[in-house]
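We did not get these values from a lab; they are worked out from the coordinates using the rules stated. On a predicted model such as this, the values are computed, not experimentally measured, just so you know. For neighbour counting, all protein chains shown are included, and Cβ atoms are generated from backbone atoms with ideal geometry for every residue, glycine included.
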Amino acid sequence: MADKKIIAIVGATGAQGGGLVRAILADPASGFAARAITRDVTSEKAKALAALGAEVVAANVDDPSSLAKAFAGAHGAFCVTFFWDHFSPEKEMAQAKAMADAAKAAGVQHVVWSTLEDTRRWVPLTDDRMPTLQGKYKVPHFDAKGESDRFFTASGVPTTLLLTSFYWDNFISFGLGPKKGPDGVLGITLPMGDKKLPGIAAEDIGRCAFGVFKQGPALAGKTVGIAGDHLTGAQMAAAMSKAIGQMVRYNEVPPEVYRGFGFPGADDMGNMFQFKRDFNADFCGARSLEASRALNPALQDFETWLSRNAGRIPLE
Ligand SMILES: NC(=O)c1ccc[n+]([C@@H]2O[C@H](COP(=O)([O-])OP(=O)(O)OC[C@H]3O[C@@H](n4cnc5c(N)ncnc54)[C@H](OP(=O)(O)O)[C@@H]3O)[C@@H](O)[C@H]2O)c1
């Protein structure tokens, strides 16, 4: 361990960070070691990472002194925030700043910051094609991440901005799986029109991040977008139908209908999908499948992901 480059990983018991921990541990010859950061080292998930061989340390991104300890001696840091735990862009930005400051203070040589576009660069607040949310955002969970890029850039720590994509795992655990319509036919509902939605297996985000750390300084100061496939709603529904053995239809709805669905964050998600639909060339163009596969040769496309996970998709 002593001679290995330690990567301190925020969100290690979660989707993105967990993928990175497992990617590092699966490649012991790489010269990297995984330091998994969790708020609770005694949780089952934390113990499972320790059993796999990760160093597990306690820190809370709301507590700068704990972050300083968790980043001490690390070569790299993977930084991610948790919008859906609190729905607060301001909190997300404060946490991002705390991580950037801690990385700087600890002398970390390479940060991978898991970010998304600040959509206000495309849709200023004066543009009323979509409502302004929480007073000063169009897509709060995107804008807060994009606005936070500057904390990392200003810190001077060599940072790669990793633009992530929609997790297909949302079809399993985020309530976006197929639902039966009045006619009993399953459908996935997205306000994407006929445009393509870049998607990725959540596990592959961490694997791509590992690819970034392996490339090292060449990718510092760069923005890297990742996706496993770019597919329309109709293409995803067709692939899902084949994988689960029953018809899944694509229900195309307008963004304003989606925003009104009433679940927590429906307005944010409706704006997000509208942004991806209306600026589709930019959004897809920023997420090269070839570059993602170069970082992570095991990258799954949607069909591969379905072949491994279709049985876990709840059919309601
Ligand atoms: N769903 C999507 O399609 C999608 C796509 C792109 C980006 N995103 C973004 O991904 C982010 C979430 O990442 P994820 O899905 O990897 O998260 P996740 O699976 O929900 O896991 C988050 C982990 O972070 C830890 N955590 C939470 N609050 C913490 C705190 N205050 N201090 C330290 N650790 C904390 C928790 O671990 P412990 O309980 O062990 O501390 C938890 O296991 C969100 O900001 C979201 O916007 C999501």
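Descriptive notes on the structure:
- Counted charge near residue 8, where neighbours are those whose Cβ lies closer than 13 Å (Asp, Glu -1; Lys, Arg +1): +3
- Amide H contacts for residue 232 (H built 1.01 Å from N in the peptide plane; partners 5 or more residues away or on another chain; cut-off under 5 Å): 197.
- When each of 290, 117 is scored by the number of other beta-carbon atoms lying within 10 Å, the sequence from fewest to most is 290, 117.
- Comparing Cα centroids, the stretch 238-266 and the stretch 24-87 end up 34 angstrom apart.
- The local environment of residue 130, defined by Cβ-Cβ distances under 10 Å, has a net charge of -2 under the rule Lys, Arg +1 and Asp, Glu -1.
- Length-normalised contact order of the stretch 246-305 in % [C-alpha pairs under 8 Å, at least 6 apart]: 18 percent
- For residue 238 and residue 288, the FRET efficiency from 1/(1 + (r/R0)^6), where r spans their Cβ atoms and R0 equals 22 Å, is about 0.40.
- Dividing the mean sequence gap of close Cα pairs (under 8 Å, 6+ apart) by how many residues the stretch 98-243 holds gives a relative contact order of 26 percent.
- Shape annotation for the chain: C-alpha extents along the principal axes are 61, 45, 36 Å, from largest to smallest.
- Once the convex hull of all Cα atoms in the stretch 66-136 is built, its volume per residue stands at 103 Å³.
- Alpha-carbon Rg with Dmax, taken over the stretch 137-258, Å: 17.7, 57
- Residue pairs, from the table 5/97; 91/214; 179/242; 5/69; 195/276; 45/179, whose Cα atoms sit over 20 Å apart: 5/97; 91/214; 45/179
- For the chain, share of DSSP beta bridges that run antiparallel, in % to the nearest 5: 20 percent
- Shown is the FRET efficiency for residue 150 and residue 26, computed with R0 = 25 Å from the Cβ-Cβ distance and rounded to the nearest 0.05: 0.15.
- Fluctuation leader among 281, 202, 144 - the chain, Gaussian network, Cα springs under 10 angstrom: 281
- The stretch between residue 51 and residue 223 holds 58.6 nm of extra length on full extension. This uses 0.36 nm per residue minus the Cα-Cα distance.
- Each residue, residue 307 and residue 134, gets one label point 7 Å from its Cα in the Cβ direction; the gap between the two is 4.0 nm.
- A helix-only calculation puts the chain at -12500 deg cm²/dmol for mean residue ellipticity at 222 nm, using -39500 (n - 2.57) for each DSSP H run of at least four residues, averaged over all residues.
- As a length-normalised measure over Cα pairs under 8 Å and 6 or more apart, the relative contact order of the chain settles at 17 percent.
- By other beta-carbon atoms within 10 Å, ranking 132, 159 with the fewest at the front produces 132, 159.
- Cut-off 18 Å (backbone N to label point 7 Å along Cα→Cβ of residue 39), residues of the stretch 6-29: 9-18
- A DSSP coil position with no more than 16 other Cβ atoms inside 10 Å describes the following chymotrypsin sites (Phe, Trp or Tyr not before Pro) in the stretch 59-151: 82, 87, 122.
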